[in-house]
1. Each label point is 7 Å from the Cα along the Cα-to-Cβ direction; what then is the distance between the points at Arg88 and His204, in nm?
2. With a point put 7 Å past each Cα toward its Cβ, work out how far Arg22 is from Ala104 in nm, to one decimal.
3. Kindly report the accessible area of region 17-98 per residue (heavy atoms of protein chains, probe 1.4 Å, no ligands, DNA or RNA), in Å².
4. Expressed in nm to one decimal, what extension gain is obtained for the pair Ala11 and Ala79 from 0.36 nm per residue of sequence separation less their Cα-Cα distance?
5. Work out the FRET efficiency for Asp62 and Arg164 from their Cβ-Cβ distance, taking R0 = 22 Å, and round it to the nearest 0.05.
6. Would you mind getting me the FRET efficiency between Arg119 and Glu50? Use the beta-carbon distance for r and R0 = 51 Å, nearest 0.05.
7. At a threshold of 8 angstrom on Cα-Cα distance, excluding pairs fewer than six apart, so keeping six or more, what relative contact order does region 51-205 reach in percent?
8. Which whole-number percent is the relative contact order of region 138-208 (Cα, under 8 Å, 6+ apart)?
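The values are calculated or read from the model by the stated rules, or taken from the named source; none is laboratory data. Model, not experiment: these values are computed from the prediction. Counting neighbours? That spans all protein chains shown, and the Cβs are built from the backbone with ideal geometry, glycine included. Surface areas here come from the heavy atoms of the whole protein model, side chains and all, with no ligands, DNA or RNA. Shrake-Rupley method; radii C 1.70, N 1.55, O 1.52, S 1.80 Å.
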Amino acid sequence: MNPAPGPVTAAAAAAARAIAGRRAWFCDLDGTLVDSGPVHEAAFRDAITEIAPELLGSFRYDAHAGTGTREVVAGLGAAGDVARRLVRRKQELYRGYVDAGMVAPFPGARRLLDLLADRGRTPYLVTGGSRGSVERVLAACSLGGCFRGVLTADDVPWNKPDPRFYLRACRDWAVPPDGAVAVEDSVHGVASAVGAGLVTLQVHAAGPAAGAVAVRDLDEIASLLEAEDGGGFETEPETGPRTGPRTEPRTEPRTGLETESETEDGDSE
C-alpha cells in the first residue's frame, strides 16, 4: 500500500524542481534500491577472516561503501595472489548470501521503478557490482525486468567515484547528462554522478554529499513523480503554493537485464 499523499518539505520541493522534465533515470543498486550493505560487509569480513585475518583490523566498511571489491581489497594493502583470493572468496560468499534470501529491496523500490516505466521515464541500472552478483540480486528481489539497460563493473575499466563510470552510461545509451537523473546512496556514487554532470538524488543518508539533492527515501521520490504527473504538489505552508510541470505519456517499452558471462572480479561495495 502506497503512503498517503500530503504536503512535502522544502527539501522535497527542491528535489521536485531538480527532476522536472528529465526522462532518463540512472539508478544505483546496492544501498539504493536494495538493502545489501550489511550483507556485503559480512561477506568482506568472512573472506578477510579466512584468507588474511591480519587485515581485518584495518577494514571499515563505511569508508568503502559505493566502490568495488577490487578497490576495497587494494585499499587494504592486499596484492597478488592474496588479493585475487580475497576478491574471489568475497564474491562467492556474497552470492551465496543473496541466494539464501539475505538481500531484499528497500521499501518503495518497486513502486518507484514501476512509476518511472509507466509515466514516461526510462530507468537504467548503473552499478559498481559485478554482473554475476547483480544478476543474482535482481532475480532474488524480482527486479530483473525493470531496466532498459544495465551497466556493471564488468563493462568498464573504472568504478565509482570516477565520473567516467556515469559518462560511459550516458554515451552507451545516448543520454545527455543534463537530461538525466541519478539516484544514489553513497558518497562515492554521488561523486561519480555529480562529476559527470547529472542531477543526483541521494537517499538513505544522514546528510547529502557534495552536489547531491537530499531525499528521504524511495517512496518520497515516487510521491514527487506522482505529484508532477498529476499537475503539481502541495508544499508545506512555508514553502509556497502548488507547482510542477506535467509530463508526456511514455512511448518506449521496458526490457530486462541483458546477461553476460559471469566474471570473478568487481563486486560492488
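1. 3.0
2. 3.0
3. Details: 3230 Å² over 82 residues.
Per residue, region 17-98 has 39 Å² of solvent-accessible surface.
4. On the way: separation 68, 0.36 × 68 = 24.48 nm, distance 4.41 nm.
My answer for the length gained is 20.1 nm.
5. Values: r = 25 Å, r/R0 = 1.12.
After rounding, the FRET efficiency stands at 0.35.
6. Working: r = 47 Å, r/R0 = 0.92.
Approximately 0.60, to the nearest 0.05.
7. Details: 178 pairs, mean separation 32.3, N = 155.
That works out to 21 percent.
8. On the way: 78 pairs, mean separation 19.6, N = 71.
About 28 percent, as a whole number.
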